[in-house]
Amino acid sequence: MTDETLDPRSYTKLFLNGQYVEATNKETYGLKNPKDNTIVIENFPIAGPEDVDAAVRFAEEAFRGPWSRFTAVQRTECFLKLASLLEEDLMPIMRMDSLTSGIPVSLGPVREKTYIRNCVLYYAGWTDKHKGDYFPEDDGFVKFVRHEPLGVCAAINPFNSPLACFFLKAAPALATGNVIIIKPSEKTPLGSLAIATLFEKAGFPPGVVQVVTGPGSTGALLAEHMKIRKISFTGSIATGKKIQQAAAQSNLKRVTLELGGKSPAIIFDDANLENALTWTVNGIITRSGQLCVAASRVYVHKSIATQFIEAYKKRMRAAVNDFGDPQDPNVKLGPVVDAAQLEIVKQKVNRGKSEAELVVGGSQHGETGCYMEPTVFCNPKDDADIYRNEVFGPVSVIKTFETEEEVLELANDTEYGLVAGIFTKDVTRAIRMSSELDVGVVGINCVSLQSMQTPFGGKKQSGVGREFGEYALRIFTEPKTVLINMAA
Ligand code: NAD
């Protein structure tokens, strides 16, 4: 079983109320494999208004009906069954997902699977521990507070980590008793459709987890729906703003936004250079730079700049040798997600050539697929687009600095605020800087890392709200206060 790849032609329907069903809307679109631009599916469904309404109706029925009667322990049992199903079933699903995401299947067995498994098991343990509060009757009233589920939630996901994102949103939503409709990115929807049925097999009632597919227009139907109470969105800043507007203009549904980044890695002269090189290169190369947490700005102390930059360039150049067929289990580096994304990256890099000094890469790799050379710029102009804005490709920009104050100012001089990394042996400096960096997550002697146990999310325009850890339970619940008059 584990060497199989599922057939994508079996996953061309919506997943509603526990079943794969034809979309009522008859519009479709095609999906291609970014390794060679061959067609994977010609007619992939686009969910329209009636499909989304149906999903919401089934979700409401499940929320008020069977799901509401599940005890916390029963919810945990479903999560545990799901984790055991994933042992066998996740890899074939990942392999199919890779056909359109271009994510190397080699990342599956350890990285992706561990991440997803940890997520499911982590939230399995929370179902009966997300307690409320109690206040004594000093004023004649006993007061207690319950954290209640919001009801019908929706997740609108990006193309770059479709399966991990599915679980990061579904697990805390379900642990707290909600139901959820997932809309994967139109570029990478296959794995999400296949994953959905595992929830049914694990004992979650039909309608608790559903999947609707389609582009931004389908996402917009969710964002503006009057019966959806929460959108958990991961994607670009521009789309995040539209979703927040749609939420405000419809029913003031709750919105969490996990958005883009232009994350700094800061290397001091006392850093362990080997460690700093490993983290910073991996931090921009992994998934061809298509990670929100990518370490795309590198600040190096002037006294070690020549040595560090030479070694960094060497590794970035050498990464070209890791390119290959993402469906080959030995290949580490794949293409970007599609021709459109490649074009965006190429345009940004071409513009960068007049704004900064190109020192590695700068071109498409090969001619048939959507591969972009690992690319490094140095000495950018202060207002260079390549330095200031997210590329979402394997492209980094290096700048040098002399003092801690100077580098803090440089690192914080941005509208992004997702993650940062500090590389130094000076613990006092690292702790001091961790409070001064304007980001949601700071790594010390590491970067581009997330932990399931701790909150993850961005400051400034990198996001609103926090996912991961206990914090994700808060964004899927609302407190209700009950006051008991003890004099009655
Ligand atoms: P995107 O914003 O283009 O699309 C994301 C999702 O939004 C897709 O499912 C898309 O169909 C949907 N969408 C598009 N227009 C919509 C609309 N008007 N209403 C509702 N939904 C709409 O993002 P992308 O290109 O898929 O992903 C890349 C971006 O995601 C990058 O900026 C990256 O940094 C960010 N990202 C952030 C995190 C994080 O945790 N902070 C994680 C992964 C990716």
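A few remarks follow.
- Annotation: Lys381 fulfils all but one of (1) in a loop (DSSP other than H, G, I, E, B); (2) in contact with a strand residue (DSSP E or B) (Cβ under 8 Å, 6 or more places away or on another chain); (3) of a type outside the set (A, V, I, L, M); (4) assigned by TED's automatic domain parsing to the domain that holds Tyr299; the unmet one is (2).
- Set Ile182, Ile156, Ile116: member being β-branched (Val, Ile, Thr) and either more than 14 Å from the ligand (Cβ to nearest atom) or more than 14 Å from the chain's Cα centre (by Cα) (or both): Ile116
- Check on Glu406, out of contact with any helix residue (DSSP H, G or I) (no Cβ under 6 Å at 6 or more places or on another chain), charged (D, E, K, R) and not assigned by TED's automatic domain parsing to the domain that holds Phe166: yes
- Checked against (1) of a type outside the set (Phe, Trp, Tyr); (2) within 16 Å of the ligand (Cβ to nearest atom); (3) over 19 Å from Val255 (Cα atoms); (4) in contact with an Asp or Glu (Cβ under 8 Å, 6 or more places away or on another chain), Gly457 meets all criteria but (3).
- Residue check for Glu478: within 11 Å of the ligand (Cβ to nearest atom) and either under 20 Å from Ala171 (Cα atoms) or of a type in the set (Ser, Thr, Tyr) (or both): no
- Filter pass, Ile309 being in contact (Cβ under 8 Å) with a residue 12 or more places away in the chain, within 14 Å of the ligand (Cβ to nearest atom) and either surrounded by fewer than 24 Cβ atoms within 10 Å (Cβ to Cβ) or assigned to a helix (DSSP H, G or I) (or both): no
- Filter pass, Val336 being within 22 Å of Thr188 (Cβ to Cβ) and either assigned by TED's automatic domain parsing to the domain that holds Thr400 or surrounded by fewer than 16 Cβ atoms within 10 Å (Cβ to Cβ) (or both): yes
- Some residue of segment 89-109 being under 22 Å from the mean Cα position of the chain (by Cα), outside any loop (DSSP other than H, G, I, E, B) and basic (Lys, Arg): yes
The values are calculated or read from the model by the stated rules, or taken from the named source; none is laboratory data. Small disclaimer: the values here were computed from a predicted structure and weren't measured. Every residue, glycine among them, receives a Cβ derived from its backbone with ideal geometry; neighbour counts consider all protein chains shown.
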